[in-house]
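The values are calculated or read from the model by the stated rules, or taken from the named source; none is laboratory data. Everything numeric here is computed off the predicted structure, so don't read it as measured data. Neighbour counts run over all protein chains shown; Cβ positions are idealised from the backbone, glycine included. Ligands, DNA and RNA are stripped out before the accessible areas are found, and what is left, the full protein with its side chains, is counted by its heavy atoms. Shrake-Rupley method; radii C 1.70, N 1.55, O 1.52, S 1.80 Å.
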Amino acid sequence: MSSRRNFIEKLTISAVGLPLLAHPTNIFATSEAPYQGPMLKVALMGLGSYAGRVAEAMQDCKRAKITGLISGTPSKITEWSEKYNVPKKSCYNYEDFDKIKNNPDIDAVYVITPNGLHKDQSIRVAKAGKHVICEKPMGINAEEGQAMVDACKAANVKLLIGYRMHFEPKTVAVIKMRKDGEFGKTKFFQGQSGFNIGDPTQWRLDKELAGGGAMMDIGIYSINGARYMLGEEPVWVTAQETKTDPEKFKEGVDETIQFQMGFPSGAVANCLSTYNMSNLDRFFMTGTDGFVEMQPSTGYGPIEGRTHKGPLTQPHVTHQTLQMDGVAALIFDGKQPIVPVDGEEGVKDMKIIDAIFEAVKTGGKVEIKI
Ligand code: NDP
């Protein structure tokens, strides 16, 4: 875990020198006047490392605030409820959180627990009548993802996945350029996503809790990125796994996978997902009329990149602040981000991960229908 944090913090270091900008690119703010509308009341579930980052980022949100906590660790409830001013009546554990049903101070729950717990926890939140925001990967396979989509539909609540890059200004600018045809016909995407995983005892290396290894955790960024950079859904995948440390990366926990995807237009993608290499956070995409390269491409930022037209200059804004204000805009105003963050979007990535694992097993080309 610490090496993941070190890696992502390295990516953030260059942000320290930036002047403090108050929401310089808050794409959801409609005016400079103080926001008067409703606040999205969010309970955080799973008070671990990423929830800590989300909680800090939410302090700068204009439209979302922390109003509840769900944790299996009483000492964290004590600490976090004081720090974020959450009353004890809005704090729960994993046994009793169904009671949020009767809590008008909670509109949505952000599920930030290990991947293997997402499905059941999200479905319980939906059954309690609250919107679900769930971290990526939404579950551990497409079947779980679809069950979550169905449960949220049945409960008439929204299911939104933590795809923070869909709100990140440089990423959004590149997607706009692609939609405007500035790259011409998109032809090739290369994605490299990985870091050294560190501590062998963590849940990320436990098949039951993680659902896999690097692919579920970090490779998913290259999958999702290939789709939003090329603007198409893949129709086939091939994949090859390399395992150099079978003690650490046990059966079903992938260390390094290279994978290739083919798209209906004839565009292709070539990607690498790993838990055993450092500093892999790079996207490249080329089309008939131009190119873009981003490095870092999906870390906490600042994202850096350039296209055939020059550097990407959109300012850095804490991703999770934009994301949570964006989620509020989606829930309250129906305002969609440039690429969806809904459960169906999550299921697409899960179908591709399922196909990649099958391709590794069979050694063949696996066709997919997204
Ligand atoms: P952590 O291990 O730091 O935190 C997970 C928390 O979940 C724990 O602290 C614990 O909180 C709770 N939990 C409940 N049951 C278990 C269990 N059986 N084992 C371990 N923890 C448990 O993980 P992260 O915060 O790094 O990751 C959580 C989720 O967020 C994952 O799905 C991950 O993929 C995603 N993530 C997304 C990122 C992004 O950029 N979008 C970045 C990092 C992670 P408590 O003690 O309160 O119960």
- Query: Within the stretch 262-300, what residues put their amide N at less than 11 Å from the label point 7 Å along the Cα-to-Cβ vector of PHE188?
  - Reply: 268-270, 285-287
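Quick check: from the Cα gyration tensor, does the stretch 48-138 come out rounded (a/c under 1.5), prolate or oblate? It would help to have the intermediate numbers written out before the result.
On the way: a/c = 1.29, a/b = 1.16, b/c = 1.11.
Rounded, since a/c falls under 1.5.
Averaging sequence separations of C-alpha pairs under 8 Å and six or more residues apart, then dividing by the length of the stretch 110-174, give the relative contact order as a whole percent.
33 percent
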- Query: What length, rounded to one decimal in nm, is gained on full extension from GLU79 through to TRP236, with 0.36 nm per residue of separation minus their alpha-carbon distance?
  - Reply: 51.7 nm
- Message: With θ taken as phi - 60° and the coefficients 6.51, -1.76 and 1.60, list the Karplus ³J(HN,Hα) couplings across the stretch 136-145 in order, rounded to whole Hz; mark glycine and proline as x.
- Response: 7, x, 4, x, 10, 6, 5, 4, 4, x
- Task: Taking only protein heavy atoms into account and a 1.4 Å probe, give the accessible area per residue of the chain in Å².
- Result: 42 Å²
- Hey, rough spin-label estimate for LEU209 and ASP96, points 7 angstrom out along Cα→Cβ, what's it come to in nanometres? 2.4 nm
- Query: Taking a threshold of 19 Å on the Cα-Cα distance, which of the pairs LYS136/LYS187; LYS119/LYS369; LYS207/LYS248; LYS207/LYS361; LYS89/LYS119 fall above it?
  - Reply: LYS136/LYS187; LYS119/LYS369; LYS89/LYS119
- Within the stretch 85-108, what residues put their amide N at less than 13 Å from the label point 7 Å along the Cα-to-Cβ vector of MET39? 85-87, 105-107
- Message: Just to confirm my numbers, what's the Cα centroid distance between the stretch 61-130 and the stretch 172-224 in Å?
- Response: 27 Å
- Straight-line reach check, LYS335, cutoff 17 Å on alpha carbons, 8 or more apart in-chain or any other chain, hits among lysines -> LYS62, LYS158, LYS176
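Leaving out ligands, DNA and RNA, what percent of the accessible area of the chain is carbon and sulfur, probe 1.4 Å? All intermediate terms of the calculation are to be shown ahead of the outcome.
Values: 7950 of 15550 Å².
Here carbon and sulfur together make up 51 percent of the probe-accessible area.
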- Note on the structure: Site LYS176, offset 7 angstrom along Cα→Cβ, radius 17 Å on amide nitrogen, limited to the stretch 222-258, gives 229
- Query: What are the aspartates and glutamates whose alpha-carbon lies under 14 Å from the alpha-carbon of LYS127, with same-chain residues fewer than 8 places away excluded?
  - Reply: ASP96, ASP98, ASP107, ASP150
- Between ASP333 and THR244, what is the FRET efficiency for a Förster distance of 41 Å, r being their Cβ-Cβ separation, to the nearest 0.05? 0.25
- Task: Using R₀ = 41 Å, calculate the FRET efficiency as 1/(1 + (r/R₀)^6) where r is the Cβ-Cβ separation of SER49 and SER265; round to 0.05.
- Result: 0.55
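Could you work out the equivalent-ellipsoid semi-axes for the stretch 183-246, taking the square root of 5 times each eigenvalue of the Cα gyration tensor, largest first, in whole Å?
Details: eigenvalues 160, 27, 25 Å².
In descending order, the three semi-axes are 28, 12, 11 Å.
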- Note on the structure: With +1 at each Lys and Arg Cβ and -1 at each Asp and Glu Cβ, the charge dipole magnitude of the chain around its Cα centre, to the nearest 20 debye, comes out at 600 debye
- Query: How large is ³J(HN,Hα) for each residue in the stretch 322-331, as worked out from phi by the Karplus curve 6.51 cos²θ - 1.76 cosθ + 1.60 (θ = phi - 60°), to whole Hz, x for Gly and Pro?
  - Reply: 4, 4, 6, 5, x, 5, 5, 5, 5, 5
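About its Cα centre, what dipole magnitude does the stretch 229-370 give when the only charges are +1 on Lys and Arg Cβ and -1 on Asp and Glu Cβ, stated in debye to the nearest 20?
Working: 12 positive and 21 negative charges, 52 e Å.
The dipole of the stretch 229-370 has a size of about 240 debye.
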- Restricting to Cα pairs under 8 Å and 6 or more apart, the percent relative contact order of the chain works out to 21 percent
